[in-house]
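The values are calculated or read from the model by the stated rules, or taken from the named source; none is laboratory data. Here the structure is a predicted model, which means the values were calculated and not measured. Cβ placement follows ideal geometry from the backbone for every residue including glycine, while neighbour counts extend to all protein chains displayed. Ligands, DNA and RNA are stripped out before the accessible areas are found, and what is left, the full protein with its side chains, is counted by its heavy atoms. Shrake-Rupley method; radii C 1.70, N 1.55, O 1.52, S 1.80 Å.
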Amino acid sequence: MSITDYLNPRALSGRTAFVTGGGSGINLGIGEALASLGANVAICGRTQERLDTGRAALEARGAKVFTAIADVRDDAALAAAMAASRAALGPIDFLVCGAAGNFMAPAEAISAKGFRTVVEIDLLGAFNAASAAFEQLKETRGSILFVSGGQSFVPFAFQAHVGAAKAGIDNLMTNLALEWGRYGIRANSIVPGPIAGTEGMKRMGGDAGEAMWRAMTPLGRMGTVAEIGGVAAFLATPLAAYISGARITVDGGQNLTGSSLFNEAIARALPARPG
Ligand code: COA
């Protein structure tokens, strides 16, 4: 499946996206989808190597690319990166707050520093990015996409810190949709389900986790980075001009878990699912 089979390859021509954590994984997939529709893409991250890989992938899709080393926890670095991005690619039309950090740990083993680190990367980092991009978004009447997670609304074991951060992100998203709507700025969140081959999946079960994720997902498979990119790209186009304040779940139904105790009990009691 190619995104341009369904959306016009010039749909975002002349537009600029800025993606935090855009050098790899789901965030790079979002950048690639935007680039495939003609957008120019700025990415920031912590390591030059990932930014270089991201640049190559985005340029292969025809985008003009700007990269900057910036940790989203550092508001000054982020503001400088966005000013430089503007000089290179013009004002930001579409901001993707994607940078995230995760590790699995039982709640009693998470130190204050560990909890703070994840909240600082995910939640404070998203706020820093939205703040730094505000003037540019106001000028373009642009939009923001936050990368949230099912942890925002379903408790996942060993993810207390991530759940707090993602719930905060979704709450921030609704506040910005409310406050910045007057400037024509839209704000939405996307909730990726289990997406194959990503850093997040490595951290939440590894390769052995794939069968577990398939079993927990009504559609019976993991998702792809391109499937997240396609929805993100739709949200960047005028097709989504009246969507603001929405949390859009793209997870094959994975977060419709119901009671996990019931799920486990019924799986033991009933024959395996077909296929
Ligand atoms: N279990 C418990 N606590 C942990 C932990 C683990 N597996 N890994 C890290 N921590 C805690 C520790 O308390 C640590 O403090 P310490 O140095 O006193 O032990 C604190 O987190 C900060 O870790 P540190 O490695 O210094 O932070 P960092 O800023 O370099 O990295 C992380 C941040 C920990 C989130 C790291 O995993 C990361 O950089 N992740 C980015 C990529 C990613 O997670 N992608 C997936 C997104 S879904």
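Report those helices (runs of 4 or more DSSP H) wholly inside the range 194-250 carrying at least 3 residues which are in contact with a Lys or Arg (Cβ under 8 Å, 6 or more places away or on another chain) and at pLDDT 95 or above. Talk me through it step by step, then tell me what you get.
Details: elements: 199-203, 209-215, 225-236.
Those helices (runs of 4 or more DSSP H) do not exist here; none qualify.
Which one of the conditions (1) among the charged types (D, E, K, R); (2) within 21 Å of Gly101 (Cα to Cα); (3) surrounded by 17 or more Cβ atoms within 10 Å (Cβ to Cβ) does Glu227 fail to meet, given that it meets all the rest?
For Glu227, the failing item is (2).
Here is a list: Pro91, Pro106. Which entry is touching a residue at least 12 places away in the same chain (Cβ under 8 Å) and surrounded by 17 or more Cβ atoms within 10 Å (Cβ to Cβ)?
Numbers: Pro106 fails: surrounded by 17 or more Cβ atoms within 10 Å (Cβ to Cβ).
The unique qualifying residue is Pro91.
Which numbered condition in (1) on the phi < 0 side of the Ramachandran plot; (2) in a loop (DSSP other than H, G, I, E, B) is the only one that Leu58 fails?
With respect to (1) on the phi < 0 side of the Ramachandran plot; (2) in a loop (DSSP other than H, G, I, E, B), Leu58 is out only on (2).
Exactly one condition in (1) within 15 Å of the ligand (Cβ to nearest atom); (2) farther than 18 Å from Thr20 by Cβ; (3) surrounded by fewer than 18 Cβ atoms within 10 Å (Cβ to Cβ); (4) not hydrophobic (A, V, I, L, M, F, W, C) is false for Glu179; which is it?
Condition (1) is where Glu179 drops out.
Return the residues of the range 49-61 that are surrounded by 14 or more Cβ atoms within 10 Å (Cβ to Cβ) and either touching a residue at least 60 places away in the same chain (Cβ under 8 Å) or not hydroxyl-bearing (Ser, Thr, Tyr) (or both); say none if nothing qualifies.
Narrowing the range 49-61 to residues surrounded by 14 or more Cβ atoms within 10 Å (Cβ to Cβ): 50-51, 53-55, 57-58, 61.
Arg50, Leu51, Gly54, Arg55, Ala57, Leu58, Arg61, listed by residue number.
Here are the criteria: (1) open to solvent by less than 20 Å² (accessible area, probe 1.4 Å); (2) more than 20 Å from Gly245 (Cα to Cα). Tell me which single one Cys97 does not satisfy.
The number of the failed condition is (2).
Give the range 110-144 a look and list any residue that's open to solvent by 70 Å² or more (accessible area, probe 1.4 Å), without any contact (Cβ under 8 Å) to a residue 12 or more places away in the chain and near the ligand (Cβ under 9 Å from one of its atoms), or say none. Before you say what the answer is, go through the steps one by one.
Taking the range 110-144 as the starting set, the residues that turn out to be open to solvent by 70 Å² or more (accessible area, probe 1.4 Å) are 112-113, 115-116, 124, 127, 135, 138-139, 141.
If we keep only those that are without any contact (Cβ under 8 Å) to a residue 12 or more places away in the chain too, we end up with 112-113, 116, 135.
Matches in the range 110-144: Ala112, Lys113, Arg116.
If you go through the range 65-102 one residue at a time, how many are within 15 Å of Phe127 (Cβ to Cβ) and more than 15 Å from the ligand (Cβ to nearest atom)?
6
Applying the selection to the range 196-219, what residues are farther than 13 Å from Asn255 by Cα and in contact (Cβ under 8 Å) with a residue 24 or more places away in the chain?
Applying the first criterion (farther than 13 Å from Asn255 by Cα) to the range 196-219 yields 196-212.
Correct list: Ala196, Gly197, Thr198, Glu199, Gly200, Arg203, Met204.
When you check Leu235 against the structure, is it of a type in the set (A, V, I, L, M, F, W, C), under 25 Å from Arg15 (Cα atoms) and crowded, with 17+ Cβ neighbours inside 10 Å, yes or no? Full working, then the answer.
Numbers: of a type in the set (A, V, I, L, M, F, W, C): yes; under 25 Å from Arg15 (Cα atoms): yes; crowded, with 17+ Cβ neighbours inside 10 Å: yes.
So Leu235 passes the test.
Mind listing whichever residues of the range 8-26 are under 22 Å from Thr140 (Cα atoms) and of a type outside the set (Gly, Ala, Ser)?
Taking the range 8-26 first, the residues under 22 Å from Thr140 (Cα atoms) are 8-20, 22.
Across the range 8-26, the qualifying residues are Asn8, Pro9, Arg10, Leu12, Arg15, Thr16, Phe18, Val19, Thr20.
Since Ala187 meets every condition but one in (1) without any contact (Cβ under 8 Å) to a residue 60 or more places away in the chain; (2) open to solvent by 40 Å² or more (accessible area, probe 1.4 Å); (3) more than 15 Å from the ligand (Cβ to nearest atom), which condition does it not meet?
(2)
Quickly run through the range 202-231 and pick out the residues that are within 16 Å of the ligand (Cβ to nearest atom), closer than 18 Å to Ile3 by Cβ and not β-branched (Val, Ile, Thr).
Gly223
Quick check on my filter: what residues within the range 145-176 are within 15 Å of the ligand (Cβ to nearest atom) and charged (D, E, K, R)?
Lys166
Go through the range 145-169 and give me each residue that's open to solvent by less than 10 Å² (accessible area, probe 1.4 Å) and either assigned to a helix (DSSP H, G or I) or of a type in the set (Val, Ile, Thr) (or both). Can you show your working first?
Step one: filter the range 145-169 for residues open to solvent by less than 10 Å² (accessible area, probe 1.4 Å), giving 145-146, 148-150, 159, 161-162, 165, 169.
Result: Gly150, His161, Val162, Ala165, Ile169.
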